[in-house]
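We did not get these values from a lab; they are worked out from the coordinates using the rules stated. Keep in mind that this is a model prediction, so the values were computed, not measured. No Cβ is skipped: glycine too gets one built from the backbone with ideal geometry, and neighbour counts run over all protein chains shown.
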Amino acid sequence: MVSTRHPFYARHRFPAEVISHAVWLYFRFPLSLRMVEEMLAARGIEVSHETVRQWALKFGQGYANQIRRRLPAPGDKWHLDEVVVSIAGRKHWLWRAVDQHGVVLDILVQSRRNAKAAKRLLRKLLKKQGIVPRVMITDKLASYGAAKREITPSVEHRQHKGLNNRAENSHQPTRRRERVMKCFKSAGQAQRFLSVHDQVGNLFRRPANSTAADHRKARAQALTTWAEVAGLAAGV
């Protein structure tokens, strides 16, 4: 393994390759911190699960921000959906928006499922994406209609549960992580983790109906992008 020194990793005992690989494993696959620790140990790298957690906290959001800047512009059809999550024994709602290609645009963990919460999601989406969608697709929750009429009155709004499968399916990776992590500990932790998790998922997402050759090509490009995001030397 070639050692890479980058300003991101100043004063860290382990090289960038080890740190970025550990963070990639944690956010890319449904693995617990202890599982990542064991996988690194199998390669002769002795790192505690607490160290992996600290690396994920320190570097994860920075990686996610760079991934977001490198992804293509979002589509003009947005699917919005919300799902209940249990956090510290209390009911919260995870609001998520994806485009017509299945790319997660943003998520927002909130304690309410009402018009005010829907407005917060819409405002965050418009600010971060910098565009107004052509079409917004939701289920029949009335809160979406109220938020849309106030914030994006010119956008076409389609409300039908059967049309929103793309957004509903995007919750599945979150459910898998929930089980591995034995539920989220706080709303802040869920927001921080999923903000990174979904962007890493976007980078390595396999488009529907892609051939094996196309998938291998896209995966190679995603790994190259990850190396750039992590500040690794070319060819490492």
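Annotations for the structure displayed:
- The structure-derived value of Cα extents along the principal axes in Å appears in the list (i) 62, 35, 29; (ii) 58, 37, 32; (iii) 55, 42, 32 under the label (iii).
- Average Cα contact separation per residue, the chain, under 8 Å, 6 or more apart, as relative contact order %: 22
- Once the C-beta distance of Asn165 and Leu126 is scaled by a Förster radius of 25 Å, the resulting FRET efficiency is 0.55 to the nearest 0.05.
- Charging the Cβ of each Asp and Glu at -1 and of each Lys and Arg at +1, and nothing else, the dipole of the stretch 77-195 about its Cα centre rounds to 380 debye.
- Were the residues from Glu38 through Lys91 laid out at 0.36 nm apart, the gain over their Cα-Cα distance would be 15.8 nm.
- Label point at Gln191 placed 7 Å out along Cα→Cβ; residues across the stretch 97-116 whose backbone nitrogen lies under 18 Å: 97, 105-116
- The chain: angle of helix 187-203 to the longest principal axis, Cα-based, in degrees nearest 10: 80
- When shorter helices are ignored and each DSSP H run of at least 4 residues is given -39500 (n - 2.57), the per-residue value for the chain at 222 nm works out to -16000 deg cm²/dmol.
- Whole-number percent relative contact order across the stretch 77-195, with pairs defined as alpha carbons under 8 Å at least 6 apart: 30
- Least to most buried among Leu31, Leu40, Leu126 (fewest other Cβ within 10 Å first): Leu126, Leu31, Leu40
- The angle between the Cα long axis of helix 212-229 and the longest principal axis of the Cα atoms of the chain comes to about 70 degrees, rounded to the nearest 10.
- With neighbour counts taken as other beta-carbon atoms within 10 Å, the residues His197, His92, His6 rank, fewest first, as His6, His92, His197.
- Share antiparallel - DSSP beta bridges, the stretch 77-195, percent rounded to 5: 65
- Sorting Thr211, Thr138, Thr224, Thr174 by the number of Cβ atoms found within 10 Å of their own Cβ, with the fewest placed first, yields Thr211, Thr224, Thr174, Thr138.
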